[in-house]
Amino acid sequence: MFGTIGHSRVGLLLGAGVVAAALVAGCGSKIDGLADGGHGGPVGHSAASAEVAELAELPGQEIVTLSLPGGSYTPSAPEGATDDYRCFVLDVPEQGFATGFQVIPGNPELTHHAILYRIYPEQVADAEALEAADDRPGYECFGGSGVPARDGDVLRGLDESDWITAWAPGGEASDTPDGYGVPIPAGGKVVLQMHYNTRAGTGSDSSTVKVRMAPEASGLKPLYSMLLPAPVELPCPADGPQGPLCDRQAAIADVASRFGRGSAAQVYGLQALCGGDPGNPAAGETQSCTRTVREESTLFAVAGHMHLLGDSITVDVANPDGTQRVLDVPQYDFDNQDAVPLAVPMQLRPGDEVTVTCTHDPTLRGKVPGIPVEPRYVVWGEGTTDEMCLGVLIVGKDA
Ligand SMILES: [Cu+2]
């Protein structure tokens, strides 16, 4: 769970595997989608824990409750699948800053994760078009909201991602750090992504999300989730079983067959983002990516996300004073992906470099339930058979 900062728990919990959307264009060739990520797939999460702290009332702030359209939704997974990712476009009856969150699952058996995304006014038409595409409530969406980025500014899409909050079973109410709130712009909307695992239960869901809103005039500083993804290029171990999917191109085609062409584009896009060669990357168990801080900000907490082959993950900040490890997870546990608050919030300055480093262990295949035993070259993707390497930095903007 989240640690304590002052009197408030850190907001923006990272649920069981979620990555926001962003677009990468880069590297000469047209790469049109380092898109969203996903989740780690079903891994024996039990229902929400019995003890769930209530979102606290605060003077001058309003708690609003967001509900699914019509109050409930009956999940149905596509033919042959057991997961239904559904996004719902919702109105927030207040604007300003969100300072606290609580997801109340309506059908804990079914509900695998929930993510709330910010939709700016200029994105509303795109979101509504997605919503209208079929006659069922909501629309199918893997990983991110599926709504195109505002202006194609890839780095901003990562530095100031569109996550508002995320939830996974067991997640409790959370607060943003004192003095900071997540911007909810006037004229915008939110998209609530629900991931239902229909293997685990049946029936309908009537989940709700409580959001505590402070007015625009409250003078809070904006708080964002900065996403720091790295590629995953994990070959079949040379001394282990081999198979057709041990070929990288075959593995990428397989991901694309399950999650669409954007899913292949994001494998290449991650190489472009992280200085690798999209066509001929350095494969291996350990991968990293370094990005440069662009704005004065305060780092409050860091989370790491991988899937079931995840072994270890670190996040380092390098500045003129040296290098500080701000996340150190030597033995990754898929069931504990909570953000870890820094003992003392850290100032980030333009030019500082942040690096995420992940090590995956391909030999866990066959040992851990939930991972198909068929050998494969593993790339970034949303399924249980795929992997991610993602640092999430909870940063407040101070400039
Ligand atoms: Cu994931």
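No value in this document is a laboratory result; all are computed from the given coordinates. Quick caveat: nothing in here was measured; it's all calculated off a predicted structure. Positions of Cβ are backbone-derived with ideal geometry, glycine not excepted, and every protein chain shown enters the neighbour counts.
Observations on the model:
- Calculated FRET efficiency, Ala132 to Lys210, Cβ-Cβ distance, R0 = 25 Å: about 0.35 to the nearest 0.05.
- Distant-in-sequence amide H partners of Ile63 (H built 1.01 Å from N, under 5 Å): Met213
- For segment 227-397, a crude dipole built from +1 on the beta carbon of Lys and Arg and -1 on the beta carbon of Asp and Glu, taken about the Cα centre, is about 340 debye to the nearest 20.
- Each Lys and Arg adds +1 at its Cβ and each Asp and Glu adds -1 at its Cβ; summed about the Cα centre, the chain shows a dipole of about 180 debye.
- Pairwise FRET efficiency - Glu62 versus Arg150, Cβ, R0 = 25 Å, nearest 0.05: 0.40
- Across segment 217-222, computed HN-Hα scalar couplings (Karplus, 6.51 cos²θ - 1.76 cosθ + 1.60, θ = phi - 60°) run 6, 6, x, 5, 8, x Hz from first to last residue, x flagging Gly and Pro.
- Spatially near lysine pairs across the chain, Cα under 25 Å, sequence gap of 8 or more or different chains: 6
- Three-way shape label, segment 143-270, alpha-carbon gyration tensor, a/c 1.5: prolate
- Rounded to the nearest 20 debye, the dipole magnitude of segment 337-382 is 140 debye, with +1 charges on Lys and Arg beta carbons, -1 on Asp and Glu beta carbons, and the Cα centre as origin.
- Lys/Arg +1, Asp/Glu -1 at C-beta; the chain dipole; positive extreme among Ser204, Cys246, Val317: Cys246
- Extending 7 Å from the Cα toward the beta-carbon at both Glu79 and Asp398 defines two label points whose distance is 5.6 nm.
- Dipole-positive endmost among Trp163, Phe259, Ala81 within the chain (Cβ charges, Cα centre): Phe259
- Report summary: the helix-based calculation at 222 nm, which adds -39500 (n - 2.57) for every DSSP H run with n ≥ 4 and divides by the residues of the chain, gives -3000 deg cm²/dmol.
- When the Cα gyration tensor is reduced to axis lengths a ≥ b ≥ c, the ratio a/c is 1.5 or higher for segment 70-177, and with a/b not above b/c it is classed as oblate.
- Mean Cβ neighbour count within 10 Å, used as a protection proxy, ranking 53-63, 336-346 highest first: 336-346, 53-63
- Measuring between their Cα centroids, segment 132-211 and segment 61-91 lie 10 Å from each other.
- Report note on the peptides 130-140, 389-399: ranked by the mean count of other C-beta atoms within 10 Å, highest first, their order is 389-399, 130-140.
- The slack between Ser72 and Ser218, meaning 0.36 nm per residue of separation minus the straight C-alpha distance, is 49.2 nm.
- Helical segments meeting 15 Å axial Cα length and Kyte-Doolittle -1.0 threshold in the chain (DSSP H): 248-259, 261-273
- Translational diffusion of the chain, µm² s⁻¹ [Kirkwood Rh, Cα pairs; Stokes-Einstein; 10 °C; 1.306 mPa s]: 76
- Each of the peptides 69-76, 257-264 was scored by the mean count of other Cβ atoms within 10 Å over its residues; in descending order, highest first, they stand as 257-264, 69-76.
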